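Written below as structure tokens is the structure these notes are about.
The values are calculated or read from the model by the stated rules, or taken from the named source; none is laboratory data. As the structure is a prediction and not an experimental result, all values here were calculated from the model. With ideal geometry, Cβ positions are generated from the backbone for all residues, glycine too; neighbour counts draw on all protein chains shown. These area figures cover heavy atoms from the full protein model, side chains too; ligands, DNA and RNA do not enter into them. Shrake-Rupley method; radii C 1.70, N 1.55, O 1.52, S 1.80 Å.
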Amino acid sequence: EFGNDSSIALYFLEAERLTDLGNEAFEAVGTTGGNDSMATAETLLIGQSDVFVTGDHTLGGTGISDRDYYVVTVPHGQGIRVEIIEGDNDPAKRCVDDSLDSEITLFSSVGAVLANDDDDGRGWCSLIDGTGSSPRDPGARNQTGSSATYFIEVRESDIANAPDDVFTYRLAVTIR
């Protein structure tokens with residue numbers, strides 16, 4: 001017996017089904033180069049919220065560092081939440097098993113780092129959260145006075161070891 005029968009404070013649970021935007025459009029599976037810079041960033045997330053896009057980092061261990069960039073717009077006063085979750089190609093690669101080691105960086109339109117995360121998500125997966133009244137990552141909240149353009153970079157963790165540096169992923173994006 002735990003001996004604690006106190007009341008739980010009132011809380012609200014919000015759940016939103018994410019819309020699948022498909023695969024990263026500029027880079028075919030198992031290749032690199034299509035969206036590897038801010039200049040060539042995927043644009044399919046612009047104006048979107050409560051969505052995910054599927055991408056891959058399947059060239060790990062080959063000496064190629066694959067980086068995928070996505071561009072988003074965040075209205076004034078709102079924050080962005082970006083999270084890496086498992087892709088569906090390999091059921092053996094799961095965040096909770098520490099067999100997928102990602103890293104996310106959020107950049108301003110001029111390339112300044114606003115937030116970076118290696119392991120704040122489930123297991124070794126990444127999560128940046130600028131939503132809510134006290135965001136985990138305050139730099140991911142737009143306080144500029146107008147809509148802002150941000151860039152999301154997805155890559156393997158800087159400290160990932162094989163085979164955790166090879167994975168498919170879903171990048172979940174919510175703006176609130």
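Miscellaneous remarks
- Whole-percent carbon and sulfur share, accessible surface of region 6-154, 1.4 Å: 52 percent
- Gyration tensor (alpha-carbon) shape descriptor, region 60-152, a/c threshold 1.5: prolate
- Put the Cα centre of region 4-28 next to the Cα centre of region 119-176 and the gap is 14 Å.
- Amide proton proximity set for R94, modelled H, under 5 Å, gap of 5+: S99, L100
- The charge dipole of region 81-176, taken about its Cα centre with unit charges on the Cβ atoms of Lys, Arg (+1), Asp and Glu (-1) only, comes to about 640 debye.
- The chain shape via C-alpha gyration tensor axes, a/c threshold 1.5: oblate
- Options S147, L171, I159, ranked by Cα towards positive dipole end of region 135-176, top entry (Cβ charges): S147
- Residue-span extension gain [V113 to D88] - 0.36 nm each, minus C-alpha spacing: 6.0 nm
- Taken about its Cα centre, region 129-176 carries a charge dipole of about 360 debye when Lys and Arg each add +1 at the Cβ and Asp and Glu each add -1 at the Cβ.
- D5 accessible area, 1.4 Å probe, all protein chains in place, Å² to nearest 10: 150 Å²
- Evaluating 6.51 cos²θ - 1.76 cosθ + 1.60 at θ = phi - 60° for every residue in region 37-51, the Karplus couplings come out as 8, 5, 5, 10, 4, 4, 9, 5, 8, 4, x, 10, 8, 6, 9 Hz, glycine and proline recorded as x.
- Taking amide H atoms as placed 1.01 Å from N in the peptide plane, the amide H of A148 lies under 5 Å from those of V74, H76, each 5 or more residues away in sequence or on another chain.
- Taken about its Cα centre, the chain carries a charge dipole of about 740 debye when Lys and Arg each add +1 at the Cβ and Asp and Glu each add -1 at the Cβ.
- Residues of region 112-176: accessible area per residue with a 1.4 Å probe, Å²: 43 Å²
- Two-site FRET efficiency, A25 against R67, from Cβ-Cβ distance with R₀ of 22 Å, rounded to 0.05: 0.85
- Computed over region 63-144: relative contact order in percent, which uses C-alpha pairs under 8 Å that are six or more apart: 33 percent
- Annotation for H76 and S147: the two label points, set 7 Å from Cα along the Cα-Cβ direction, are 1.3 nm apart.
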